[in-house]
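Note sheet for the following structure.
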Amino acid sequence: KTTILIRDQPIQQDYVFRNSVLHYGSTLLIVTYSFIGATRVAGVATIWSLVGSSLAFFIAFILPFASFIVIEKGVAEGSDRFDGWIKLAKVMLAASIVGAVVCTWNRLSSPV
């Protein structure tokens, strides 16, 4: 069983870091898109709105629900109450992700 959140090996041993073309290519791509995005926006208010709509959901909902699910998976399983809380957290996590995408999309599609 592999877990995305916990690494057994240092990140420097990951495939992306060992492959120089992929590593530097992806870094160049990120920098290029960041530059294009920074030069195309109308003003800093657009960036603050985008960051606010995205990170507010992440900090307030997505991170706590995801943490709860990961932490509670290590606790004794099997009771109906335990399964109910995990299912509720998964539903709320999915709703939070949808809410974050909708709010961010709304901000991107609305005129300044």
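The values are calculated or read from the model by the stated rules, or taken from the named source; none is laboratory data. Everything numeric here is computed off the predicted structure, so don't read it as measured data. Heavy atoms of the whole protein, side chains included, go into the accessibility calculation; ligands, DNA and RNA do not. Shrake-Rupley method; radii C 1.70, N 1.55, O 1.52, S 1.80 Å.
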Yes/no for ILE6 being within 21 Å of the chain's Cα centre (by Cα), open to solvent by 60 Å² or more (accessible area, probe 1.4 Å), at pLDDT below 80 and not small (Gly, Ala, Ser): yes
Identity of the residue in the stretch 80-96, modelled with pLDDT under 85 and open to solvent by 60 Å² or more (accessible area, probe 1.4 Å), that ends up farthest from SER67 (Cα to Cα): ASP80
